[in-house]
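Below is a structure I'd like to ask you about.
The values are calculated or read from the model by the stated rules, or taken from the named source; none is laboratory data. The shown structure was predicted, so the numbers you read here are calculated from the model rather than taken from an experiment. Don't worry about glycine lacking a Cβ; one is built from the backbone with ideal geometry, like all the others, and counts go over all protein chains shown.
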Amino acid sequence: MKEQVTIVVVPRDRFTSVLACAASILQHTTPPYRLVFLDFGYSKRTLTRLRRLDTHGPVEIVPCGRTIPMKAFRDYLPQVQTPYVAWVDNDTFVTTGWLENLLSRASQGARVILPLTLERDGYDADSRKNPLRVHISHGELRRVVVDNVEYMLDYKPYRRAAPEDIPQEPHTVDFFELHTFFAETEVLRQLDLPPMVVREHLDIGIQLHQMGIPIWCEPKSVVHFDNIHERPSFADLKFFFFRWDERLIDQSHDLFAARWGARFYSEQSMKNWAFRRKIFSVARFLGLPQKPADLLARIFNKLLRPPLPPHLAKDPLPTSERVFDTKFVVSNQESGVAIA
């Protein structure tokens, strides 16, 4: 049977997780697919192991050099020959039935789909000790005006909820995140994929809304995002510092503002978060256990990073409103009919 989907595995924060990511795809993916790895600097040993994967189908490794995920994906997209594309970050692990359920939702008319994305308890520890919690299942793009300046923010209503506590029906969302998403290849080719390291998924969400193409979430399709769990290699560390370079973050926020006419509410918070993660990663590389590394990162962040601007330090959600005036839609599981 001819492959319907090209699975593109993209480095996110590190390299060492790719073999476990690939193993999860091989173990849990039944429909015929093409498997592509974008190579931003994998070791020769890792590349050799990827080439030897027993996939029973085509495997391609695409040398990209040191680059950012969205640019590499944009450059590779013209080569895709299948009707659908599934982006999978290399620190995200798929589960049984993930692709079948995405294809089933696509057969009912969905053109862009977010799987239910859970995160493993890792960098940001959870006192409830849940081994898995919701990373994204629902998402709203919202706006708020502060001192006569308009800002945008993303809101994920069920962030860190227990998986059993969220609605189980397929539903529309304002945006997906890049950990994993599934889309018609032709839809992706109509997009202006922005060269950003942050907010790129929100930029795409706005474009899809303007095109009249809803983004669906299919809770039956489940993937696990690994929230920086293991000790990084030196190559991981170098890529992490490149990937989260503050200049790239600033350029991304500037481009988002130029394209959509609004700054993002949490720009300074994002840069401080990236700095804290760098300190954490260096501490882990040097052998510190996770908790002391996290404490050290928080102390350095407090001492060395600028605080949030006072007028942007409050929770913006209570005074914000939806950017899109369309209602969320929920699909009846049995009939497949969309209801508002």
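Restrict the check to segment 91-112 and report whether at least one residue is touching a helix residue (DSSP H, G or I) at 6+ places or on another chain (Cβ under 6 Å), closer than 30 Å to residue 245 by Cβ and of a type in the set (Lys, Arg).
no
So, of the residues in segment 194-216 that are touching a residue at least 60 places away in the same chain (Cβ under 8 Å) and farther than 20 Å from residue 10 by Cβ, which turns out to be surrounded by the most Cβ atoms within 10 Å (Cβ to Cβ)? Please lay out each step first, then the result.
Here is the first cut: in segment 194-216, the ones touching a residue at least 60 places away in the same chain (Cβ under 8 Å) are 194-200, 202, 205-206, 208-209, 213-216.
Okay, now just the ones that are also farther than 20 Å from residue 10 by Cβ, so 206, 209, 213-214, 216.
Values: 206: 18, 209: 17, 213: 16, 214: 20, 216: 23.
Among those that are touching a residue at least 60 places away in the same chain (Cβ under 8 Å) and farther than 20 Å from residue 10 by Cβ, it is 216.
A quick yes/no check of all residues on (1) in the same structural domain as residue 17 (by TED's automatic domain parsing); (2) within 20 Å of residue 98 (Cβ to Cβ):
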{"position": "200", "(1), (2)": "yes, no"}
{"position": "207", "(1), (2)": "yes, no"}
{"position": "217", "(1), (2)": "yes, yes"}
{"position": "224", "(1), (2)": "yes, yes"}
{"position": "238", "(1), (2)": "no, no"}
{"position": "243", "(1), (2)": "no, no"}
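Now for a different question. Would you mind finding the one in 262, 283 that is within 17 Å of residue 236 (Cα to Cα) and either out of contact with any His (no Cβ under 9 Å at 6 or more places or on another chain) or surrounded by fewer than 17 Cβ atoms within 10 Å (Cβ to Cβ) (or both)?
283
Could you say whether any residue in segment 275-294 is touching a strand residue (DSSP E or B) at 6+ places or on another chain (Cβ under 7 Å), modelled with pLDDT of 95 or more and not hydrophobic (A, V, I, L, M, F, W, C)? First the steps, then the outcome.
Step one: list which residues in segment 275-294 are touching a strand residue (DSSP E or B) at 6+ places or on another chain (Cβ under 7 Å), which gives none.
No, every residue in segment 275-294 fails to be touching a strand residue (DSSP E or B) at 6+ places or on another chain (Cβ under 7 Å), modelled with pLDDT of 95 or more and not hydrophobic (A, V, I, L, M, F, W, C).
If residue 167 passes every condition in (1) at pLDDT 95 or above; (2) over 24 Å from residue 25 (Cα atoms) but one, which one does it miss?
The number of the failed condition is (1).
Name the residues in segment 5-59 that are under 26 Å from residue 282 (Cα atoms), of a type in the set (D, E, K, R) and part of a loop (DSSP other than H, G, I, E, B), would you?
Of everything in segment 5-59, those that are under 26 Å from residue 282 (Cα atoms), of a type in the set (D, E, K, R) and part of a loop (DSSP other than H, G, I, E, B) turn out to be 12, 13, 14.
A follow-up question, please. Residues of segment 217-239 being farther than 30 Å from residue 113 by Cβ and polar (S, T, N, Q), which ones?
Result: 233, single match.
Yes or no, residue by residue, for (1) more than 13 Å from the chain's Cα centre (by Cα); (2) among the polar types (S, T, N, Q); (3) more than 17 Å from residue 87 (Cα to Cα):
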site: 183; (1), (2), (3): yes, no, no
site: 206; (1), (2), (3): yes, no, yes
site: 221; (1), (2), (3): yes, yes, no
site: 240; (1), (2), (3): yes, no, yes
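Can you tell me which residues in segment 146-183 are within 29 Å of residue 17 (Cα to Cα) and assigned to a strand (DSSP E or B)?
The answer is 154, 155, 173, 180, 181, 182, 183.
Report yes if residue 74 is closer than 22 Å to residue 177 by Cβ and part of a loop (DSSP other than H, G, I, E, B), otherwise no.
Judged against the criteria, residue 74 is not a match.
From the residues in segment 13-72 that are closer than 19 Å to residue 236 by Cα and free of Cβ contacts under 8 Å to residues at least 12 places away in the same chain, which one is surrounded by the most Cβ atoms within 10 Å (Cβ to Cβ)?
By that ranking, first place goes to 48.
For the subset of segment 301-317 comprising residues that are assigned to a helix (DSSP H, G or I) and in contact (Cβ under 8 Å) with a residue 12 or more places away in the chain, which member is nearest to residue 279 (Cα to Cα)?
Of everything passing the filter in segment 301-317, 301 is nearest to residue 279 (Cα to Cα).
Quick check on residue 237: is it surrounded by fewer than 21 Cβ atoms within 10 Å (Cβ to Cβ), in contact with a Ser or Thr (Cβ under 8 Å, 6 or more places away or on another chain) and aliphatic (A, V, I, L, M)?
Here the answer is yes, as residue 237 does meet what is asked.
Regarding residue 43, is this residue farther than 29 Å from residue 133 by Cβ, out of contact with any strand residue (DSSP E or B) (no Cβ under 6 Å at 6 or more places or on another chain) and among the small types (Gly, Ala, Ser)?
yes
Further question: Could you tell me whether residue 160 is modelled with pLDDT of 95 or more and surrounded by fewer than 21 Cβ atoms within 10 Å (Cβ to Cβ)?
Against the criterion (modelled with pLDDT of 95 or more and surrounded by fewer than 21 Cβ atoms within 10 Å (Cβ to Cβ)), residue 160 does not qualify.
Next question. Can you tell which of 299, 279 is more than 24 Å from the chain's Cα centre (by Cα), among the β-branched types (Val, Ile, Thr) and farther than 22 Å from residue 138 by Cα?
Criteria check complete, one pass: 299.
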